[in-house]
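For reference, the structure is listed below as structure tokens.
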Amino acid sequence: MKPPAVILFNPKATNHKARIPNSVLQIAASIEGIYDWVLVDGNLEADPQQKIFDYLQSGQFQFFACTVMPGPQLHQAVPITRQVKQQFPEITNIWGGYFPSNHKQVVLDSGYVDYVVDGPGDKAFPQLIKAVINRESTESVPNLVFLQDGQLIKTTREILYEYDELPDLPYDRLNEFYPLSRYLGKSYLGEKTIAYHSSFGCPFKCAFCAVVPIYQTKWNGKSAEKIYQDIKYLKDTYGADAIEFHDNNFFVSQKRTVAFAKLIQPENMTWWGEARIDTLDRYTDESLAIMREAGCKMIFFGAESGSDQLLQFMDKGGKQSGSQILRFAERLKKFDIIPEYSFVLGWPADSEAEALKQVDAETEFIRKVKTINPDTEIIIYIYSPVPTEGSTMFEKAKEQGFSFPKKLEDWLQPEWEQFDLRKNPLTPWLTKRVVDKIKNFETVLNAYHPTVSDIKLSTLQRKVIRGASSWRYRTKHYSYPYELKALQRFWLKYRQPEKEGF
Ligand code: B12
């Protein structure tokens, strides 16, 4: 008698481009050859709920396993999981990923999620499936959270695994469910862009980052050889020509980065990844030149703020400083690697006046970066608290009256979606005046310096929007930029990389 099978669900995350669903694919790898599995991708299914119900009606499935990150994915994950529990109460519902890992209680209190896998699921998932099928206790399964007689039970935490020792991702199996070519979309980097994850965690503990509670400053990365092997396979088999490294911190090890660069150089591929300014600034000129030669075109950096005092307040750690952020933008120019600097504005402040002053200081700083290196891409987030319990910042946020929704459905409310998108978190210290000031500056900045990553913009569109915004940018008149908002929305359909990716 075949063991019952597993439905893996990747809820819709973006409107315009599906990416290789690495979260559920890595979970699939953990049971490949042990339990049968099918994959439903909400980014490629017109009616994912019907697809899931068709599978469930076959009676061959016992598990519905869903990956959930904050934001848009909740809009499919919540209603579909609730429906699965109502219509097929015998099915075991399992959630994993950043959202349930950081919001375990509210997820389990919903009553339609049976288990949360907190952090990496590579070992937990196959062990949980086995325990449930064999009706054994789940208390020896690592990284598991569940309710027992109303009590929240947390099993042993296993924070990190040797990435090289984990099973290969079953790309060919994925290709049976959805042609892999549909996941290799056109982007600023290339015609067929791979989404690849080569490391877990990050060695730092920035108080605004949701990675910290999960990986607790630990980091582990695949070897350069292993990454190259996978990429080469996707290039030769599916014609991929570019790579988005989705690691939280790809460049932790200069040795690994340079080794990978030397391996990938002959393949003529273009790549992008996320890094820290102070880490990259310790790379030698030779390493940066080798990376560029090997196709490293743009790197995302958490610049966060030009204020050393705020960098300290947010536990940015390391050696990063305002002057280093400026100097490094200058340095990267020499290597023709585009820095993509993300800033976080709207930190907890004791008064509106103080918050407005903070914003003025940051907008001036961002203008300085653009003067030093006009190619620098700028991304602006507004601080949205994440549960970094014990961090000065999160404690201050709570002191000032911040709290997360108590009911899972409340996260679907528009204001909480904006919160997740870090675009208007409605935190108690953020008044409308402060949010408008940030948004208006962002509008004028994106008009005067439109992102290179929005590949659908024509040269004419770029010229017109820059021309239309130049008086505002030059004279720092950012208020009520409705004409620019209208042009961006209706003519350019401007796409911000932080929302939808490249
Ligand atoms: C790819 C990505 C995106 C893509 C696509 C997302 C998608 N789901 O398709 C895009 C660019 C669209 C995106 C957008 C956003 N993102 Co994003 N994104 C990522 C990124 C870089 C990679 C995710 C991934 O594939 N990881 C690789 C897999 C293998 O790792 P994993 O997901 O952790 O999976 C492991 C475990 O979590 C667990 N697990 C995961 N799922 C499941 C499911 C089951 C059943 C089980 C058992 C286990 C399990 O086991 C896995 C293997 O160990 C992560 C950072 C990161 N490195 O993970 C940020 C990240 C998840 N994103 C984040 C955010 C905030 C956003 C945005 C809200 C940003 C914004 N303001 O716009 C938007 C949301 C809008 C949206 N469209 O969804 C944050 C979430 C922070 C938080 N509060 O939880 C992260 C953590 C980045 C960060 N460092 O802050 N994102």
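The values are calculated or read from the model by the stated rules, or taken from the named source; none is laboratory data. Just so you know, these numbers come straight off a predicted model, no measurement behind them. Neighbour counts run over all protein chains shown; Cβ positions are idealised from the backbone, glycine included. Side chains included, ligands, DNA and RNA excluded: accessible areas come from the protein's heavy atoms. Shrake-Rupley method; radii C 1.70, N 1.55, O 1.52, S 1.80 Å.
Taking all Cα pairs closer than 8 Å and separated by 6 or more residues, the relative contact order of the chain comes to 11 percent.
Taking amide H positions as modeled 1.01 Å from N, with prolines and chain starts lacking one, the residues under 5 Å from Lys297 and 5 or more places away or on another chain are Trp271. The Cα atoms of the chain give a gyration tensor whose axes a ≥ b ≥ c have a/c of 1.5 or more with a/b greater than b/c, which makes the shape prolate. Once both labels are positioned 7 Å from their Cα atoms along Cα-to-Cβ, the gap between Lys398 and Lys476 label points is 3.8 nm.
Just the protein heavy atoms count here, and of the accessible area of the stretch 5-154 at 1.4 Å, carbon and sulfur take up 46 percent. Scanning residues 5 or more positions from Asp118 or on other chains, those with amide H under 5 Å from its amide H are Leu144, Val145, with H placed 1.01 Å from N in the peptide plane.
Partner lysines whose Cα lies under 16 Å from the Cα of Lys476, excluding those fewer than 8 positions away in the same chain, are identified as Lys357, Lys368, Lys370, Lys437, Lys439. Given the C-alpha centroids of the stretch 168-234 and the stretch 245-276, what is the distance between them in whole angstrom? About 12 Å separates the Cα centre of the stretch 168-234 from the one of the stretch 245-276. Within the shell defined by Cβ-Cβ distances under 12 Å, the residues around Ala275 carry a net charge of -3, with Lys and Arg each +1 and Asp and Glu each -1.
Largest first, the residues Met69, Met298 sort by 1.4 Å accessible area into Met69, Met298. Here Thr459 and Lys357 are evaluated by their C-beta separation; at R0 = 45 Å the FRET efficiency comes out at 0.75. Relative to the current alpha-carbon distance between Glu286 and Tyr55, full extension at 0.36 nm per residue lengthens the span by 77.8 nm. Rounded to the nearest 0.05, the FRET efficiency derived from the C-beta distance between Glu158 and Glu364 at R0 = 41 Å is 0.35. Per residue, the solvent-accessible area of the stretch 5-154 (1.4 Å probe, heavy atoms of protein chains only, all protein chains present) comes to 37 Å². Accessible area ranking (1.4 Å probe, heavy atoms, ligands and nucleic acids excluded), largest first, for Cys296, Cys209: Cys209, Cys296. Determine the dipole magnitude for the stretch 5-154: charges of +1 sit on the beta-carbon of Lys and Arg, -1 on that of Asp and Glu, nothing else is charged, the reference point is the Cα centre, and the result goes in debye to the nearest 20. Its charge dipole is roughly 300 debye. Here the 3J(HN,Hα) profile of the stretch 77-88, calculated from phi with Karplus coefficients 6.51, -1.76 and 1.60 at θ = phi - 60°, is 4, 5, x, 5, 4, 4, 5, 4, 5, 5, 7, 10 Hz, Gly and Pro shown as x.
Applying a 4.7 Å Cβ-Cβ cutoff to the chain leaves Cys66, Cys202, Cys296 as cysteine residues with no disulfide-compatible partner. Residue-wise HN-Hα couplings along the stretch 242-256, as the Karplus relation 6.51 cos²θ - 1.76 cosθ + 1.60 with θ = phi - 60° gives them from phi, are 8, 9, 9, 7, 8, 4, 5, 7, 5, 9, 3, 10, 4, 4, 5 Hz; Gly and Pro carry x. Count Lys and Arg as plus one, Asp and Glu as minus one, and take only other residues whose Cβ is under 11 Å from that of Asn43; the net charge is then +2. Estimated from the Cβ-Cβ distance and a Förster radius of 35 angstrom, the FRET efficiency linking Ile34 and Gln83 is about 0.80.
Once you have a ≥ b ≥ c as the square roots of the Cα gyration tensor eigenvalues for the stretch 184-430, tell me rounded if a/c is under 1.5, and otherwise prolate or oblate according to whether a/b is larger than b/c. In terms of gyration-tensor shape, prolate. For the stretch 33-41, backbone phi angles converted through the Karplus equation (6.51, -1.76, 1.60; θ = phi - 60°) give residue-by-residue couplings of x, 10, 10, 5, 9, 10, 10, 10, 10 Hz, Gly and Pro being listed as x.
Under a 5 Å amide H cut-off, with hydrogens placed 1.01 Å from N, Glu377 pairs with Glu340, Tyr341 among residues at least 5 apart or on other chains.
In plain terms, the chain from Glu267 to Ala486 could stretch by 74.6 nm, reckoned as 0.36 nm per residue minus the Cα-Cα distance. Among the protein heavy atoms of the stretch 184-430, carbon and sulfur supply 52% of the accessible surface, probe 1.4 Å, non-protein parts ignored. Can you give the local net charge around Tyr215? Use residues other than it whose beta-carbon is closer than 13 angstrom to its beta-carbon, Lys and Arg +1, Asp and Glu -1. That sum, taken over residues with Cβ under 13 Å, equals 0. Going down the list Lys297/Lys463; Lys255/Lys297; Lys123/Lys235, which pairs span over 21 Å between their C-alpha atoms? Among Lys297/Lys463; Lys255/Lys297; Lys123/Lys235, the Cα-Cα distance tops 21 Å for Lys297/Lys463; Lys123/Lys235. Every helix of 4 or more DSSP H residues in the chain counts as -39500 (n - 2.57), and over all residues that averages to -11500 deg cm²/dmol at 222 nm.
Cα gyration tensor of the stretch 5-154, axes a ≥ b ≥ c as square roots of the eigenvalues: rounded (a/c below 1.5), prolate (a/b > b/c) or oblate? Since a/c stays below 1.5, the shape of the stretch 5-154 is classed as rounded.
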